[in-house]
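Enquirer: I have a structure I would like to understand better, so I am pasting it below and will then ask my questions one at a time.
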Amino acid sequence: MARGDAQDGTVSPNGRPRLLFGAMRGWSWRDFGSDAIAGLTLAAIAIPEQMATARLANLSPELGFLAFIAGAVAFAIFGASRYLSAGADSTIAPIFAGGLVLIAASASPHYAALAAALALMVGIIVCLAGIFRMGWVADLLSVPVTAGFLAGIAVHIVISQLPDLLGLPPGSGSVFQRVAAIWTGWPQVNLASLALGLGVFLLVIVCERISPRIPGALIAIALATLAVVAFGLEQHGVKVLGPLPGMHPGFAFGTLSPDDLRTLVPMALLISVVIMVQTAATTRSFPPPGDESPDVNRDFVGVGAGNLLAGLAGAFPVDASPPRTAIVAATGGRSQVGGLVAAAIVLVLALFGGTLLTHVPQAALAGILLFVALRILRWQTFAETLREARGEFVLIFITALALVALPIEIGVAIGIGMSLLLGIWSMTQASAIELERVPGTSIWWPPVNALKAECVPGVLVVGFQAPLSFVNAEKFKQGFRALVDARAGELKHVVLEASSIIAIDFTAGGVLKDMIAYCRQQGATFSIARLESVRAQAALDRFGISGDLGPDQIFRSVENAIDALPDQRNASAPMHAATGQKKESSS
């Protein structure tokens, strides 16, 4: 019986793929101890983080708990990864907060309803992406653009949390307006709030350095809360959360208009792309044990379902969390049972422990978010890109600047657009090159200065190292004609070595037809070798190129193409390109 069948729970007894609880395949009660430890650790990390992220989204802390519970439960049912933790996430919170605040007053019922509706839209989009196997969308952001995107998000987090850290009134408006307000209010900084926030920030860093398993954020929050109570810091201007309202799950559909929903569509698309990128990266970074393969599309469905449940419960969009996922994997979690244990703990706290959070200082949550901002900065990527690809380092800077200087959803769109342009630009740089034979072999290779290559008299072998499409078809045409023209008068045969041409679109098909006709006008035959891509082969038939060439002009190797030429069957040995001397054939 093959791996991944009914014996390990991957498929149901009737032989069909298991649609529900795929992340718990093969689980038994023997695994509960490991999952319980992972769940306890995850809850200790998630409780302060979810409160802080909810505040980052301009929403009340209990909605952060609700988002975590929704994400954990839905992913356990519909997802595939054993380790992935879904819930409120600081990567997407500033994005939708920056967009929603332009539509509704921060923390108002209308704002909360918009956040829940946004979660529903995102859930639908991400679920459909998984169902239709659109995992490739996760590759829309290049590594430098992703690093710049996270750098811009980190700046937004820092700027949004500075008022709480300094004990100043919450800011509003653009990043620059918030910075100006902080500068103006600097004389009113509350030193006790600043000390609490920096203390929490430093303690979390120390715990993280000692071991990621230590719940530094929870320890820091507890100590800061004890300090507020013991020293009466509320009387000295330290702001606290206050009593949390009870959780009342539910989505207020009646408060939204059709115009509200239309306004949310572009934001939902942008956030969905970000969620898919982060979910795919998390899934690939923490693969399942043994021979199991990560299932990005199934995890899209799991995270999408988490958003749907969060929206229906009245919370806000959720995302996969790489740091929390790392905690589950590092503490020995075996399945999503660990996430369900954490969700149960958070639910108990939300229902019965709200008074425990009354005296939590807002500066402490700001300190946690400052640590999150520091952690999402990809310092190693910055250094490597600056050292190895300075042109792409500019993308990091531009993306970060766009996120900071412009409305955040526009900055995200610019980052995605630049990432796509980078991919398209790299394709446009491909050009037609002449290949030479490696002496003593049948390998045709681009020219290498240190290598004495061979050529075959009257034969031109051309390579093109990219998909052939509208973005590079004209450059291919110009380079191809230049190579043919350079051999005018003595050229008899042209072979297109097409191993790297994995696709041919309509525009490129027309150009390829033109090149075949041009070679024939110059008195040379034309053949194609090593067209290995099934898609490209289908394109030759679809565009009529196979008919123009004839069935005997498409070969599996360059050598086959050359051997089939009438004047090569009894030709003398090939010539050394460098010396012009004949080489004795070994065959």
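What follows is calculated from the coordinates using simple rules that are stated; it is not laboratory data. Just so it is clear, the model here is predicted, and its values are computed rather than measured. As a convention, Cβ positions derive from the backbone with ideal geometry for all residues, glycine included, and neighbour counts pool all protein chains shown.
Enquirer: With only alpha-carbon atoms in the gyration tensor, what are the semi-axes of the equivalent ellipsoid for region 143-211, in Å, largest first? Walk me through the numbers on the way to the answer.
Expert: On the way: eigenvalues 110, 90, 8 Å².
So the equivalent ellipsoid measures 23, 21, 6 Å along its semi-axes.
Enquirer: Would you mind ranking K492, K452 by Cβ crowding within 10 Å, fewest neighbours first?
Expert: Details: K492 18, K452 12.
Exposure proxy ranking, most exposed first: K452, K492.
Enquirer: Kirkwood hydrodynamic radius, the chain, all distinct C-alpha pairs: what's the number in Å? Walk me through the intermediate numbers first.
Expert: Working: mean 1/r = 0.0365 Å⁻¹.
Across the chain, the inverse of the average 1/r is 27.4 Å.
Enquirer: Taking the highest mean first, how do the peptides 50-59, 276-285, 433-442 order by number of other beta carbon atoms within 10 angstrom per residue?
Expert: On the way: 50-59: 27.5, 276-285: 22.3, 433-442: 16.0.
Descending mean neighbour count gives 50-59, 276-285, 433-442.
Enquirer: Only counting other Cβ atoms within 10 Å, I'd like F470, F526, F149, F78 sorted with the fewest neighbours first. Please list the in-between numbers first.
Expert: Numbers: F470 13, F526 21, F149 28, F78 25.
Least to most surrounded, the residues fall as F470, F526, F78, F149.
Enquirer: Would you mind calculating the gained length between Q380 and F176 on full extension (0.36 nm times residue separation, minus the Cα-Cα distance), in nm to one decimal?
Expert: Numbers: separation 204, 0.36 × 204 = 73.44 nm, distance 2.80 nm.
The Q380-F176 span can extend by a further 70.6 nm.
Enquirer: Still on this structure: Write down, largest first, the equivalent ellipsoid semi-axes of region 101-167 in whole Å, where each equals the square root of 5 times an eigenvalue of the alpha-carbon gyration tensor.
Expert: Values: eigenvalues 161, 100, 11 Å².
They are 28, 22, 7 Å, listed largest first.
Enquirer: Which chymotrypsin sites (Phe, Trp or Tyr not before Pro) does region 150-233 hold that lie in a coil by DSSP with at most 14 other beta carbons within 10 Å? Mind showing how you got there, number by number?
Expert: Numbers: sites: F176, W183, F201, F231; in loops: none.
Taking region 150-233 and a limit of 14 other Cβ atoms within 10 Å, no loop chymotrypsin sites (Phe, Trp or Tyr not before Pro) are found.
Enquirer: Return the Cα extents of region 433-576 along principal axes one, two and three, sorted largest first, each rounded to a whole Å.
Expert: The Cα atoms of region 433-576 stretch 39, 32, 28 Å along their principal axes.
Enquirer: Which percentage, to the nearest 5, of the DSSP beta bridges contained in the chain is antiparallel? Write out the running numbers ahead of the final one.
Expert: Values: 12 of 25 bridges.
If we restrict to bridges inside the chain, about 50 percent are antiparallel.
Enquirer: I would also like to ask the following. Could you work out how far apart the two model spin labels at F397 and L226 are, taking each label as a point 7 Å from the Cα in the direction of the beta carbon, and quote it in nm?
Expert: That separation, rounded to one decimal, is 4.8 nm.
Enquirer: In straight Cα distance, which aspartates and glutamates are under 19 Å from K239, not counting same-chain residues fewer than 8 positions off?
Expert: E49, E62, D164
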